Structures are given as structure tokens and as C-alpha cells.
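Input: a single structure, listed below in C-alpha cells.
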4 protein chains.
Amino acid sequence: MSKISEIGIGMLGYAFMGKSHSHAWRDIPLFFWPPPAIPKLVVIYGRRESAVKEAMIRYGYKKYTTDWREVVKDPEVEILDNCLPNYMHKEPCIEAIENGKHVVCEKPLARDAKEAKEMYEAARKARVKTMCAFNYRFVPAVRLAKKILEEGLLGRIYHFRARYLQDWIVDPNFPLVWRLQKEYAGSGPLGDLGSHIIDLARFLVGEIAAVTGVARTFIEERPLLEDPTKRGKVTVEDAFTATVEFENGAIGTLEASRFATGKKNYNVFEINGEKGSIEFNLERLNELRVYLVEPDERKYIEGWREILVTEKVHPFIEVYWPPGHIIGWEHTFINELHHFLDCIVNDKDVAPYAATFEDGYRCCAVCDAILESSNTGRRVIVEY
Amino acid sequence: MSKISEIGIGMLGYAFMGKSHSHAWRDIPLFFWPPPAIPKLVVIYGRRESAVKEAMIRYGYKKYTTDWREVVKDPEVEILDNCLPNYMHKEPCIEAIENGKHVVCEKPLARDAKEAKEMYEAARKARVKTMCAFNYRFVPAVRLAKKILEEGLLGRIYHFRARYLQDWIVDPNFPLVWRLQKEYAGSGPLGDLGSHIIDLARFLVGEIAAVTGVARTFIEERPLLEDPTKRGKVTVEDAFTATVEFENGAIGTLEASRFATGKKNYNVFEINGEKGSIEFNLERLNELRVYLVEPDERKYIEGWREILVTEKVHPFIEVYWPPGHIIGWEHTFINELHHFLDCIVNDKDVAPYAATFEDGYRCCAVCDAILESSNTGRRVIVEY
Amino acid sequence: MSKISEIGIGMLGYAFMGKSHSHAWRDIPLFFWPPPAIPKLVVIYGRRESAVKEAMIRYGYKKYTTDWREVVKDPEVEILDNCLPNYMHKEPCIEAIENGKHVVCEKPLARDAKEAKEMYEAARKARVKTMCAFNYRFVPAVRLAKKILEEGLLGRIYHFRARYLQDWIVDPNFPLVWRLQKEYAGSGPLGDLGSHIIDLARFLVGEIAAVTGVARTFIEERPLLEDPTKRGKVTVEDAFTATVEFENGAIGTLEASRFATGKKNYNVFEINGEKGSIEFNLERLNELRVYLVEPDERKYIEGWREILVTEKVHPFIEVYWPPGHIIGWEHTFINELHHFLDCIVNDKDVAPYAATFEDGYRCCAVCDAILESSNTGRRVIVEY
Amino acid sequence: MSKISEIGIGMLGYAFMGKSHSHAWRDIPLFFWPPPAIPKLVVIYGRRESAVKEAMIRYGYKKYTTDWREVVKDPEVEILDNCLPNYMHKEPCIEAIENGKHVVCEKPLARDAKEAKEMYEAARKARVKTMCAFNYRFVPAVRLAKKILEEGLLGRIYHFRARYLQDWIVDPNFPLVWRLQKEYAGSGPLGDLGSHIIDLARFLVGEIAAVTGVARTFIEERPLLEDPTKRGKVTVEDAFTATVEFENGAIGTLEASRFATGKKNYNVFEINGEKGSIEFNLERLNELRVYLVEPDERKYIEGWREILVTEKVHPFIEVYWPPGHIIGWEHTFINELHHFLDCIVNDKDVAPYAATFEDGYRCCAVCDAILESSNTGRRVIVEY
């Protein structure tokens, strides 16, 4: 066995996504062996020094900083991993690209299509690898769905319907966090959750041609984080619904909400084709439901197959555990960042299995179109 | 026990719905004892003499006819039960009303809102009882959902989403039956299936204020029934999707299709409120899923309750079998027609638990609005 | 169409089973058209005159009696349908057989194997048709399981496990009804529920060779029905568990209880074979779960098929409703009694799809063996 | 924050369990922060040098050895983690204990009760901490079940039934691996899978008093690993079934098999009590189904709660991800080894939430009793 090289990671952010990504970088060699390269956790950035210092120790980084520009310039950093809030995506990513770093950026790529377009343009001109971290493309069951579609098992596609439902702000006294402010987040569940199902729609079914949409803010004011006796304005939607028309003629619905009581991380999609159908639910991410029309003589055993996607023949599973030993949400990042590593080290395209910055931009364009339709009451043809 | 009186039934149609309703009339005394009255099956109408004669024997009617006017005029007939195709709803119903018959009419009430309005006007002026047969209001689990909503267990309602999916015309060689022709059916799955979920939306959540919609015909020509070597034009939609805004502020999606491979009679709705949620699936009609927010000290046992709606305390169940001995689709008609019988004999309002002709009309108005939105690309405010 | 003949039914019992069977006889012509013969409801027997008279009217019998001997002798009665408690099975059945009546008897055939043997001997010698009413053989999904097994789709069978769980006597103050008294019932859930799963085991997998068993009475005294201030002894088991060895080498477990809180009519079985598996749950009786090993190139879509057993190609369904329009528990009796009618009119064997009196007897022998094992602590080889 | 100390880990085995445990030791600080101590991966043992050397790099150990005695003597090693096959449990564990190492040993503790007793005796006399790694006690949903039982929410327990089903040796040509040889494994699925459900039975319901059992080998000879043209004898059972009686009066069934086609890691248990019931399935380990009897006025919403065990209020979840972001099978080890670390550093008892060597021994005693019953055909009272 020849020696495996190392590759330097610079991380922006240490909270939810920073933790998920850091964990994934660490776990890659344990599962994917031999790895394309061994990730070396060089530096982590955060605004609060005490917190980022603790994160450094906890996650295993060599150093920390409270100035993100140090990361994008650090000569040891070969990959910039941007896990910051949406309003901090554009600038660090573009600077890193310009500094010759490979860049993976959390979704949505930006707060709106205009901002995303700039990032996409920067990525397109550069020679580095860039990826928009739509991690649900890396759920084994979703990749299995992709394979089933690629093989044409469903035939012509008629319907796609998806809903991404959560319930964490149903309480009207939940505070006005950054995700509820347009300035920082761009939009509400549309960009946060809707972007995931829009990306899956594009990944699995094809390009989106037109939408109608209704966005709604149910609770218009909320307590301020810094002073709960005062209230501030919620400047993003609390939920949206949309109809969607695909370029290939399929039609569907999209919906996301943070007001769906009892739904925790309910990212569900359904695809109906002339020869079969597929259903997926992120809360049971190790499973895929598949319906396939049987020939007449086997019609009596036609049914919904509940596939436990934990077999060696299933995507990604070979590196994990024996059949039936399920994996968790965090493994999507291990799969995704391993893919990015492979693309970098072996100079492969991140597309079509990972989302590019172009995908990230197009997703933002669909989000913008849904908001526009909600505002104008008109069907909007998406312009990319 | 005093003698139970009889009440004469005149039936229009002997096929799918004619059979379901005839069976229900017969079963009422066996289950609901003592019944308000014992249905006497007087006469059944159909176009084909040999078939309607056989139906007469099979279902237990005293006589048959191939002229529906004989039924609406028959002095022995006290209740007209109209199970004919949509284009045959208006005329017999109005004549029967004018002849002083009580009338139950299958859904959708008519091919469009204009036609339905005439029927509603006729019913409004008459002293007879009229009911639009939206039988899914009489599923025990749906009635349990209604009760839960009436008691306010879910609090303010944020979302309603429903889809009624079937797959019986996915095969492009399925013939051009009457349900695929606008002249006879008015519309496709919108009136046939969508009307059910629109009625449930109105029954459970409240009046619909505005919609956007996309209707689509996937297979534009099909073999003629009478000569399969020739093809004729499909003049109704194959599927539709819609966004919906309720007067009370809730938003949602509606969808119906006959192209959802693997979905047979998949009438599903989900309601999300601030304090809980409800889910229902007609393919498992004996079950209701209910989520209720628990107080903090019981938060750890908060979850989706899968309620087997077969207990004595559940709606309608007392007349059937012991717990866990499930009932079927056909029982919705027994419950519904028993209710109508009770309203007639004991002079009660069919509303709010059954649908009136006004409900039937309003449902048609929503259907028309969805089609209009699909044609114009604009959000349509429903005018009743 | 030539005229369809009638056949006279004499019913013993009007309660739970009497109602189910009466309903089924009435519904046969409506669903199975043309029927082998049209059941004519001649006479119904019950002990309480007012109740049996009401049942006569409600179910549609011509006359009633409080003397069962009148039924077994009635010249108009061609089929005796015995729905009485277990202790009233033997005598009326044997007399009816001797009077040349066809006899269907509710399960368990008798209180013990000795009594059942006498009935079986009487049936064996007679020329009339006899059937033990194990109605779950007539669930469409169970019959589909049978077909799958007959076709060898599962290969060699390794395991059968079944449990029939209810919870209606968990409350220690539930009264001492006849089902809790050995004199009337013979045994507790063993004969009542266990007999069903033993019959399904024999029907689907094969003859039972040996058992071990544990029977247990959790609540030993209960309030008397006639005077709740007094308590009487429960003389049957409240639950049993057993291991079972089949003649063909398969092994399994059997269990029944009336103390399984939350289980209402939970009759569940699972079969594992070398090439596939089957699962069934009576609370979702329209569904069958089937696993079939796929060839290597299709291994990635191997999974549990959830089959909605409501297609025309499925057993019995053709006479009911379109796909997805589910049927209920009561339909098992319609299917079963139609089968019996067909066997009588067209002189067919009731076996192998219905249970014979021999099957009823063998089932009792297994029950007795389980009780014996519980008493002796030894594995019992079942002697038939 | 004061500096967190380190603690040295010595690992025996690098395959399935060695990988799972190594991963867990590494992940502890990332999730449980601050950890009781930071695990330092000192040394890993394996028989094949090339493989154990690769494992050293991949998992992050400082050194490797092919002599297990070096590990149990290594002064840097404070915790011995024994992930070797069953026949290699006793000797290294006892030597490590005698050398003052804390010891965690994979289950089953030993090949039989006699061997396990020796280990338990060694542990009892020592001052080090010892734990038998029944990791399913550390599934959040299982711990939630424990809490529900501890709080008495189910009342008196009547039933426990469990089955642990896999299908990996259904193919008769699957080779004769060590797990199929009594000399190395002690027993087949009884010790491998059955031990898990026996431990859960004891953990959740209480001590086992008596059993009956049937053990069966379906395929008696299999190809040799080293020369597949030859066959060797399978010397363990392929499956077992058992009835079980608990000291507290509850009864139940136990079953494990490697011949349950379609079941991959199907570790399922059900508990029925007078006030409620619980169901768990390891293939959906983030969920727990709970039934609770409601007071009369809420009876209509009584149902099976499907609890997604991913809330902050649920056991272990606080250290992981937001609600609905599910964890995987591997996390059971993180929870378990963190617990052991906590017990060591803070001198706590590993019981009652983790299994002690005594629990490991008692579990072996139940296994032995089931085999004895299978051999003698008699109910066996378990002697501890």
C-alpha cells in the first residue's frame, strides 16, 4: 500500500453544519478505505473566539480564527468548506475560488438568484472544483431512486410531488433567529427546505419550466433574541405551496413549512411514471418504496416494494455495515464530501451526482420564481 | 316494538354506484336497528333492458324501467337516488324535486358550477330533503377527524394537503370511456376525484378563497369503445395540481390523477394545526393518524397516534362489529343513506354532516376556478 | 338466464356470529352473480324469544324458534348453520347431519378433540356436505398467500409464526362471560383465537407434529354476570404461548391472548421460506406483504412488497369493487358461505380451500396438545 | 475549561465489531462534549499482520500487534475492548482484569454459562469496571422504553415477545464460517442474536424463570471456507424458538433465525401490560411504538403512538442532531462506550443501564436452558 496523501481543509462555521461537515471529513478514511486523500483539518473559523476554540479541540482542527479571510488565504487550506449562514456564502466562496481553493458551499447557494449567479460565474471561470452541498443527493435511497430512473424502470414521468415539513417555529414565542430574517437568510423555508426538494426535483425528474406559488407568513412578529420583551418583524415566509411544471411535461406540487406540527424533518417525495413509482421519506432514510408494473402473469404479486437500502449492492453501503444495520442522517455528508474529495484528487466532474454551483444557481432561480408568483398571482416561467 | 314503516326507493343506474347504493339500502336495517324506516326497493332504471332486469333481481327491486321519467313520477317512490353519469344529474334531480321526491344525487353534483347552481336553486326552494352523496364524510375515521377539529384539539389550522390518486388509465390503449369526455363527465379527475378532496377540505377546514391550478392531459387520443381501431380525442384533463388558500388563512395543495401508478384509490389528506395534525388514507380507511402536542412533562411520549377506528366510541361503529373487525369502502354508503333516511323521517337537516346541494354547487365552483387558473395562468378568487 | 333455484337456511344463534352469517347469506346474490342458488332464510333459533323474534325481522328470516330441534328437523331447511357457543356445537350438528342437512359449524369445532372426533366421524359417514367455518381462509390476502405457496414461490418453508392478540378482558372487572368458562367454551383464547392460527398454520404450511406450550390465567376470579357483587372462577386460560414443529421440518411459535393491550383483532402470521416470505395482519386484511428473492441483476430492487389485494386478478375480488376500494371483515363470510353453497349445489369437495370437520378435529387435537404440554412441562407429539 | 484527561484504549479485533467500537471511541468527544476523558487509541490486535496494520492506520491507533497478550499487559492501555470471536472472550478478559484493566467485552459473554461464570467471578472480585457490550440497551428508543416501564406507564406486564431475524445463510452454499461452528461460537443464532433479545427481556421485563425451546439446524453441511469443494458439518443451530416464563408472571416467546428471508437485522420486541404496550424494531431504530390506555373521555383518540425518538427530551439525543435527523446503528456504540467511560472516570456502576458480566452470565444461562429443553423435550427452570 503506497502512502495516502493528505489534503487541507479550511472550515467556515462550527455550529450545526460545521459540526456535520467536520465529523464527515474525519470519518471518511474510516469508512472509505483507501480514501482519495486523508482530510487534514487545518483551520476553523467562527465569530465567537471561545466557541470556535472549543470547536477546534472538539472536532480536531489544528488552529482556529475569527477572521474568515485568514482561512481563504491559508496556504495549507486546499478545500474551503463554507458552512456559514446564507448571507455569508458569496464573498468567502468567491475569494476562495480566486485564491485557487476548491470550494464546497452549503445550500441554498445564496440568498437569491442574482447573488447565486455571481458565484456560479466565478466558479465557471475557475479551474478549481466547486460543489453546492445538496447532501440529500447522497442518501443511499435517493441515489437508488436515481439509478432506477436512469435505467428507465419508471418509463415516462407524469408526476413529482414533494414536501419538506418541520414544526420548530409553531410556537409564536419562538424568537426571531437569523433564519427568519430576509437580510440574513434570503427567504424562509423556501430557501432552507424548499431548495432541497427543488434540487431533488431537478436531479431526479428534470428541469423546471414554470411555477405558481403561495408564500405565507403566519406569525408576523416574534420576540427578539437579544431582548425577548421586544418583538421584531418576521421578514420571510413561514410556509409556501407551489405547483410545478417540468420541461418534460410532468407536473407536480412543492411545499415546505415550519408549521407542520408533528413533522420533524419530513422531506418526502413521490414520483409517478407510466411503468412505476417511487416514494422516499427522509425520516426513514434507509428505506425506498418502489412500485413496478408486473407482466400480466405476475400481476397478482404487484405491489409497493419497501426496500431496506442497506445491501452491498446499494449505493455507498459497501463501506458501512452489514444488511439491516441502518445509517443516519450524518452519513449523507460522509458520502458527499468523499465524492468531492474523489473529484478533486482524481480530477472528475462533480456533476451529475453532486450539485454544481450552476445547480445551486438554478435552484435559487426557481425559488425566486415561486416568490414572484406569490406576489403577482401569476404563473411564472422560470428564466435561467 | 311498534311496527317500522317502509319508504320507497327509486334508483337511477345499476352499475358501480347503483350497486353500491342498492346494497346500502338493503343493509341499513341489518346494521342500524331499529332503522328510521325500512327501505323498500321499488324500481330501478337503466338504459339496457336485459341488464337492468338482471339488476332488479340481483339487488331485490320490485320492478325496472328503461325510462327514468317513470321513476321520478312513480307514486311509490319517495326517495330518488341518482347514480347516473354526471350529464344525467340535473334533469332527473330537478324533476324529482318538483314531483316532491326526496333526492340523493351522486357527486360531482353537476358537470360545472352553472349546472349545479340550477340544481341547488331547485333544492333550495323545495321542501323535500336533498343530499349530494359525498360519501367520504361518512367514513368513521373522517368523522372522527371532524370531531377532533370541532373540539379544537388542533388549534388554528395552517395547512391542508390532499391528493386523490388512481392509475387506471395509465395504459395509453385504455379506451375512451364516458369519464374521458367533457360532454358526459364535465371534467376528468378534477370532478371525479378532486371534488371529493375539495369537499373534504371545505368540510374539515373551511371555505376556499382562492386557487391556482395546472390541468394536464397526458394522452390526448384513445381507442374508441365501439371501434378500437379508431381513436378519439380525450376532452378532459388526466390530472391536475393546485394551490389553495382558505378563508381562514390556511394554505394547501390539491391534486388528483389517474396516472399515479401504484395508487389505486389513494384519497389522502393531511391537516396541520398549531396543536396537532391529522392524516387519513382511504386505502386504510379504518385508521386515522393523529398527532397531539403534549404538555412538557409528557413530551417524551409525543408521537403520531395510529388510531384503529373500530371502537364503540367511534362514529358509526356501534352498529358494526367488535373492535378490530374492520369495515370496508361500501359501508360509507350504509352510513350515509341511513343519515339521509333519518333526516327524512325525523325532519332533520342533512347539513352539516352530509353535503347539501349547496355544498355540491360550491365544490363545482372550486373545480371551475382551478380549470380557469390553468387556462389563464392566474390565481383565481373563487366566486360562489 | 334460466331461473336460479333457492336453498333453505336454518340458523342457530343470532348474536355476533349469527348476525355475520345471516348478513353473508343475504349478500351472496348481490355480489356473486349468478349464485349457485339463492339462499332462502327459513328459520332462526335463539333462546330468548323477544331477541330471536327481533333478529328474524332484522335479518329477514321467515320464522323463528326457541327450540333448536325444530330447526334441524325443518323440512324447508337444507343447510344448518350453527353459530352457537362451543358447547352447543356437537349435538345440533350431529342431529342435523343425521337428518340429511348440510352443516356449517362455527369454530372451534368443539370444546376438545374428543367431542370434535365424534362430529368428524358423523360427518365422514354422511353424504351431506360439512364445513368448519374457519373464515380467515377466505380473506383474499390469505388465499393469495395460499396461491403463492402452492406455486412454490417461497421454496422450502423454514418458519411459521403467528399470534392472535386481543385486549377485551384486560380490565379485571370484566365479567365472567361464557367464553371464560371451560364448561361452555372448552378453552380460552386457545380455542377461540388460537384455533384460527392453528388452522392457518395447517392450511398454509402443513401438518403439525409436536408442540410445547404455556397456558396462563392472569386474573383468576371475575364478577358474575348475573350478580357483579360476587365473583366466580375463571376456568380457562387468559393467554398461551407455544413452540410448534411441523411435519415438513419447519418450526415456529404460536400465541394468543386477550391481554395484549392495544391489539384489537390482531391475527398476524409470518412465513419464511428459502426463496421468500409472507406477512399478514387481519387488522389490515386487504394487504399482504410478500418478499421474493430477486436474481442478482435485480437484487437492488429486492424488498417487501406491500400488495393491496383489491385487484381483479386477486382471489374473490372480481365480485366486489374496483381496485383500492377495500372490503371488510364481514366479507370473509360471504366468500366462505358462497363456497359452501357452490360445493353443495355443484357437488364439489369443500376441501382443500375450506376447512372440513376433519380439519376442525385436527385443530382441536393441537389445542389439546398445547394444554397438555402446559400441564406436564413436556413436548407433546400430536396424535390425530 | 480545565484540560480533559486522556484514557488509553487497547482493542482486540479489527473486523465488524473492532471497526464499530473504534469508530465509537473516536466519535465520543465530538458528540459528548466535554467527555469524561478523551479516548486515546493505543494499540489494536489482530491475527493477520497486514490487515491489523492497515486497521491501525485507518482507525487511528498508535500501534498494532499480533499478540493479544501484549495488549492486556500494555501499561498505556487502561481499557481493554474485546471484540474477538466468542471463543476468545474468556482468556483475554480475565487476564486484563487481573492486570487491572477495565474491560468491555462483546456479547455473548462466552460460549456457555460455565465459561461466562468464570468471567463473572473474575469481574466480581476485581476493582476494575467491566461491561458486557449489549449495545441495544443504548438505542435511544430502547432506553425510552425502559423509562416508560420504570415509570409504570404500562402497569403489570403480561407479555414479552421478541424475535431477532436475519437471512444471511439461507443459501445452502454459504460457507462454514466460524459462527457456524460450536467450538468457536458456542451456539448459532441463539448466542449471536438470541442473547440480545434475552438481555432486553431481562433489562425491560425482569428475570427469566423457565423456558421451553426448539433448536433446529436446517442445512447440516456447508462448503469449507478454505476449500469450497469440501463440506463440513454445521455444529450449531440455524434457528430456535422458545416459550419463556418470567419470575413476575409474564409469559412470552423468543425466536432467532438466520433463515428468515427478507429480514436483515430484524430485532423486534413487543411488551403488553395492563395499561399499555410497547413495540420496537431495530431496522427502524429511531422509532418507538407506544400504546397507552386513555381515560374514558379521551378513549376516542386512544391509539398506537409512533414516536420519532429524536427529540432533545429523549435519551442520548441532546448530543446529536435536531429533531428528525435520524441516527444509525453505529451510534449505539458511541452511547454505550461513553457510558462506560463515564463509569470509569467518575466511578459509577455500569448497572443497571449497561449489562454487567453478571448479566452476561445470566444471559448465557438462559441460552443453555433453551438448548437443554430442545434436547430433552422438557420445560427447564433456569438456574443461575
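Nothing in this text is a laboratory measurement; each read-out follows from the coordinates by a stated rule. Please read these numbers as outputs of a predicted model, since none were measured by experiment. Quick reminder, even Gly has a Cβ in these numbers, built from the backbone with ideal geometry, and neighbours come from all protein chains shown.
In table form, for the structure just shown:
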item	result
Those aspartates and glutamates that a straight Cα-Cα span of less than 16 Å connects to D:K40, excepting residues fewer than 8 apart in one chain	D:E6, D:D27, D:D74, D:E76, D:E78, D:D81, D:D342
Cut-off 10 Å between beta-carbons: net charge of the residues surrounding C:F134, Lys and Arg +1, Asp and Glu -1	-1
Average other protein chain Cβ within 10 Å of Cβ, residues D:148-155	1
Radius 10 Å from Cβ of B:K233, net charge of other residues (Lys, Arg +1; Asp, Glu -1)	+1
Förster radius 60 Å - calculated FRET efficiency between C:E183 and D:K348, Cβ distance, rounded to 0.05	0.55
For chain B, calculated [θ]222 nm from helices alone, where every DSSP H run of n ≥ 4 adds -39500 (n - 2.57)	-9000 deg cm²/dmol
Centroid-to-centroid separation of the stretch B:63-82 and the stretch B:191-225 [C-alpha atoms, Å]	31
Per-residue HN-Hα couplings for the stretch A:256-262 [Karplus 6.51, -1.76, 1.60; θ = phi - 60°; Hz; x = Gly/Pro]	9, 7, 10, 10, 9, 3, x
Kirkwood-based Rg to Rh ratio, the stretch D:72-119, C-alpha trace	0.96
Alpha carbon Rg of chain B, scaled by the compact-globule rule 2.2 N^0.38 Å	1.00
Evaluated at q = 0.12, 0.27, 0.28 Å⁻¹: base-10 log I(q)/I(0), Debye formula over Cα of the stretch D:45-103	-0.27, -1.20, -1.24
Three principal axis lengths of the stretch D:266-384 [C-alpha, angstrom, descending]	49, 45, 26
Exposure proxy order (Cβ contacts within 10 Å, fewest to most) of D:W68, A:W321	A:W321, D:W68
For A:E283, net neighbour charge (Lys/Arg +1, Asp/Glu -1) across residues whose Cβ lies under 9 Å away	+2
Global geometry of the stretch C:99-147, whether rounded, prolate or oblate, following the gyration tensor of its Cα atoms and the 1.5 cut on a/c	prolate
Pseudo-label separations to other copies for B:E70 - Cα-to-Cβ vector, 7 Å, nm	4.1, 9.7, 10.2
Residues with amide H under 5 Å from that of A:E6, placed H, sequence gap 5 or more	A:I38
Axis-nearest residue in chain A [Cβ, rotation onto C], distance in whole Å	A:R305, 3
Ratio Rg/Rh, restricted to the protein assembly as shown and using Cα atoms, in which Rh is the Kirkwood radius	0.98
FRET E, pair D:D296, B:A209, Förster distance 51 Å, beta-carbon r, rounded to 0.05	0.80
Cα gyration tensor, the stretch D:159-268 - rounded (a/c under 1.5), prolate or oblate	prolate
Restricting the stretch A:100-159 to GluC sites (Glu not before Pro) in coil, as DSSP defines it, with at most 11 other Cβ within 10 Å	A:E151
Where a label projected 7 Å from the Cα of B:V313 along Cα→Cβ would reach, residues of the stretch C:256-277 with amide N under 15 Å	C:262-263
Shortest-first nm distances, C:E226 label point to equivalent points in other copies (7 Å, Cα→Cβ)	7.4, 7.9, 8.3
For residues of C:286-292, the mean tally of beta carbons on other chains within 10 Å	5
Paired Rg and Dmax values of the stretch A:215-291, which use every Cα atom, in angstrom	17.8, 58
Overall form of the stretch B:94-223 per C-alpha gyration tensor (a/c, 1.5; a/b vs b/c)	oblate
Scattering curve values for the stretch D:6-136, log₁₀ I(q)/I(0), Debye with Cα scatterers, q = 0.20 Å⁻¹	-1.15
12 Å cut-off, amide nitrogen to a point 7 angstrom out along D:R156 Cα→Cβ, residues in the stretch D:204-238	none
Shielding of B:303-316 by partner chains, average beta-carbon count, 10 Å	6
Integer Hz, Karplus 6.51/-1.76/1.60 couplings in order for the stretch A:325-330, x for Gly and Pro	8, 6, 9, x, 4, 5
³J(HN,Hα), Karplus 6.51/-1.76/1.60, whole Hz, each residue of the stretch A:181-187, x for Gly, Pro	10, 4, 4, 8, 9, x, 8
Placed amide H near A:D167: partners under 5 Å, 5+ positions off or other chain	A:A260
For A:R156, label point 7 Å along C-beta direction: distances to other copies, nm	4.5, 4.9, 6.5
